[in-house]
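Notes for the one structure printed next.
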Amino acid sequence: PGCETFDCYTKLFGKTDIDLVVNASFSEMHYPITLDLLNHGFNVLVEKPMGATEEQCLRLIKTAKETGVARI
């Protein structure tokens, strides 16, 4: 009760009352979904692995910093 759910993460876009999104999707979707969410200004907690390669992980960190959502 009181917890709104969505069948697609893109339905979160435009919402302003969300403090954190937990990305618990399939492992191969962690990187693209997290990148998309970061680019839309959301704080994201992503299950591991956050990316399949070091480059993907570094890109997520860079994007979080650039969009101002990083707490690093």
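Give me the residue from the stretch 53-70 that is open to solvent by less than 90 Å² (accessible area, probe 1.4 Å) and of a type in the set (A, V, I, L, M, F, W, C) and, out of that set, nearest to residue 15 (Cα to Cα). Top of the filtered list is 69. Restricting attention to the stretch 1-35 and to residues that are among the polar types (S, T, N, Q) and not in a strand (DSSP E or B), the residue that is farthest from residue 61 (Cα to Cα) turns out to be 5. Answer yes or no as to whether residue 38 is surrounded by 17 or more Cβ atoms within 10 Å (Cβ to Cβ), touching a Leu at 6+ places or on another chain (Cβ under 9 Å) and within 19 Å of residue 62 (Cα to Cα). In short, yes. Looking only at residues in the stretch 7-35 that are under 10 Å from the mean Cα position of the chain (by Cα) and among the polar types (S, T, N, Q), the one that is surrounded by the fewest Cβ atoms within 10 Å (Cβ to Cβ) is 23. Within the stretch 15-36, residues that are in contact (Cβ under 8 Å) with a residue 40 or more places away in the chain and on the phi < 0 side of the Ramachandran plot have Cβ atoms under 7 Å from residues that are open to solvent by 70 Å² or more (accessible area, probe 1.4 Å) and among the aromatic types (Phe, Trp, Tyr) in no pair, counting only partners at least 6 apart in sequence or on another chain.
The values are calculated or read from the model by the stated rules, or taken from the named source; none is laboratory data. All figures in this text were calculated on a predicted structure; none of them were measured in a lab. Heads up, the Cβs are rebuilt from the backbone with ideal geometry, glycines too, and the neighbour counts pull from every protein chain shown. Note: accessible area is taken over every heavy atom of the protein model, side chains too, but ligands, DNA and RNA are not part of it. Shrake-Rupley method; radii C 1.70, N 1.55, O 1.52, S 1.80 Å.
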